[in-house]
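Scroll down for the structure; my scribbles are underneath it.
Please treat every number below as a calculation from the coordinates, not as lab data. Source: prediction; values computed, not measured. Positions of Cβ are backbone-derived with ideal geometry, glycine not excepted, and every protein chain shown enters the neighbour counts.
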Amino acid sequence: MPAGINEVAGVKRDDVHKQVKQLIHDMVNINDTTGEFLMTLENGRVIDTKGWEDWEWTHGIGLYGIWKYYELKGDPADLKVIEDWFKNRFEEGHKGKNINTMAALLTLAYVYEKTGNSTYLPWLDSWAEWAYYDLPRTKYGGMQHITYLDVNDQQLWDDTLMMTVLPLAKIGLVLGRPHYVEEAKKQFLIHLQYLFDPCSGLFFHGWTFHDGGHNFARARWARGNSWLTIAIPEFIELLNLSGDDSLRSHLVNTLDAQCAALVPLQAESGLWRTLLDVAEEEGSYVEASATAGFAYGILKAQRKRYIGKEYEAVVVKAVKAVLDNISPGGELLNTSFGTAMGHNLQHYKDIPRTSMPYGQAMAMMALVEFLRVFV
């Protein structure tokens, strides 16, 4: 992908910056006008998973998307959006530690590293200690995917690596606690062991150790797969794993197998379907947030030379599809709502599509990584 000054593969640099800014503006102004996407907890507390002023994984990924753009541009206004979110949430108090709420701590660790704001330290310490010592584990020590609503006993999910394992590793590096980093390595290995499908090259959404052990609906769900496409290159870079490191080799080989499997499954539009290997005619709609996640991970893995350039045409097509799915108002269209574990494939087909902070952020991440070709 030869770099040009203002345009690459028919995509203009200024247009991409404009779209990223629109994505951020729309994300922090999303409202659940019907209440359809509110989550009511057993204690009566309500979580707004869609609007910006609450604390769930949806917001954690949203923060990380803004952070990625801040890393590239250094605009103090973007950093202020992040800092204001944390200030407001800390004043309100969190509503519970779980796999998903931990996602916000990844960005917090980066912001602490940048600003040295000492008020962040108690939060980084408390949440990382919880993840290391108190977060329930499955058989063989995997992080059990507990959420606001469910303990998901003995379950491993794709999402966990992005939502909790990456934050734990980053905090371990920032606070000088190598045992956190070693735990993160262990979690990558156990999740790959039980979730990667060597026959397809893709990942199943989840695994349970109950009932003899199985992968639920054996769903090769797009956004779940995209968490791995994002998390693997992020983790290798974060730990600065050397070329002869055996963990790096295992992660890269797994990522390469996934990328190769994705190529024939990409739709003509450039998007991937929510169930990757199920046809649209069978109800598996095209899904833009996962497509953005794939684009980000592949672009980054290529830039870091973890994988080769053979996926270049595929990833350019995906980036253009992401751009095509941003509305004039800055909303990433065709974004599926948060998706619990499915016991049948119909579950995934029935998930509604709506604007969500993570969709906005995943699009930002893909576009920000694409902007690096202009550098």
Could you grab the pairs with beta carbons closer than 8 Å, sequence gap of 6+ or different chains, first residue in the stretch 257-282 and free of Cβ contacts under 8 Å to residues at least 40 places away in the same chain, second one surrounded by 22 or more Cβ atoms within 10 Å (Cβ to Cβ) and part of a loop (DSSP other than H, G, I, E, B)?
-> L265/L276
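One line per residue, one yes/no per condition, for (1) among the basic types (K, R); (2) part of a loop (DSSP other than H, G, I, E, B); (3) buried (at least 19 other Cβ atoms within 10 Å of the Cβ):
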{"position": "T119", "(1), (2), (3)": "no, no, no"}
{"position": "I146", "(1), (2), (3)": "no, yes, yes"}
{"position": "D150", "(1), (2), (3)": "no, yes, no"}
{"position": "L156", "(1), (2), (3)": "no, no, yes"}
{"position": "V165", "(1), (2), (3)": "no, no, yes"}
Pick from the stretch 100-117 the residues that are over 30 Å from G213 (Cα atoms) and among the hydrophobic types (A, V, I, L, M, F, W, C): which of them is surrounded by the fewest Cβ atoms within 10 Å (Cβ to Cβ)?
-> V111
What tally of residues in the stretch 308-323 results from selecting those that are among the aromatic types (F, W, Y) and part of a helix (DSSP H, G or I)?
-> 0
Restrict the check to the stretch 298-307 and report whether at least one residue is closer than 26 Å to I99 by Cβ, without any contact (Cβ under 8 Å) to a residue 60 or more places away in the chain and either more than 20 Å from the chain's Cα centre (by Cα) or not in a helix (DSSP H, G or I) (or both).
-> no
Return the residue satisfying two criteria in turn: it lies in the stretch 339-375 and is touching a strand residue (DSSP E or B) at 6+ places or on another chain (Cβ under 6 Å) and among the small types (G, A, S), and of such residues it is nearest to R303 (Cα to Cα).
-> A363
Residues of the stretch 18-49 being more than 19 Å from L79 (Cα to Cα), out of contact with any Gly (no Cβ under 7 Å at 6 or more places or on another chain), of a type outside the set (K, R) and in a loop (DSSP other than H, G, I, E, B), which ones?
-> T33, T34, G35, E36, F37, L41, E42, N43, G44
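From G74, G10, which residue is touching a residue at least 24 places away in the same chain (Cβ under 8 Å), out of contact with any Gly (no Cβ under 8 Å at 6 or more places or on another chain) and under 21 Å from L367 (Cα atoms)?
So the residue among G74, G10 that is touching a residue at least 24 places away in the same chain (Cβ under 8 Å), out of contact with any Gly (no Cβ under 8 Å at 6 or more places or on another chain) and under 21 Å from L367 (Cα atoms) is G10.
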Sort through K68, K80, K97 and tell me the only one that's surrounded by fewer than 18 Cβ atoms within 10 Å (Cβ to Cβ), part of a helix (DSSP H, G or I) and among the basic types (K, R).
-> K80
Take the residues in the stretch 1-59 that are of a type in the set (D, E) and more than 20 Å from the chain's Cα centre (by Cα), then tell me which one is surrounded by the most Cβ atoms within 10 Å (Cβ to Cβ).
-> D32
Residue hits (the stretch 55-105; of a type in the set (D, E, K, R) and over 21 Å from A128 (Cα atoms)) are K68, E71, K73, D75, D78, K80, D84
Among the residues of the stretch 336-356, is there at least one that is within 27 Å of E237 (Cα to Cα) and among the aliphatic types (A, V, I, L, M)?
-> no
Considering only the stretch 261-297, state which residues are of a type in the set (A, V, I, L, M), crowded, with 22+ Cβ neighbours inside 10 Å and in a helix (DSSP H, G or I).
-> L262, A288, A290, A292, A295
Which of the following residues is surrounded by fewer than 24 Cβ atoms within 10 Å (Cβ to Cβ), within 15 Å of the chain's Cα centre (by Cα) and not polar (S, T, N, Q): G338, G330?
-> G338
Write out, first by first residue and then by second, each pair whose Cβ atoms fall under 6 Å of each other, whose residues are 6+ apart or on separate chains, and whose first residue, in the stretch 344-369, is touching a residue at least 24 places away in the same chain (Cβ under 8 Å) and closer than 13 Å to Q19 by Cβ while the second is in a helix (DSSP H, G or I) and basic (K, R).
-> M365/K68; V368/K68
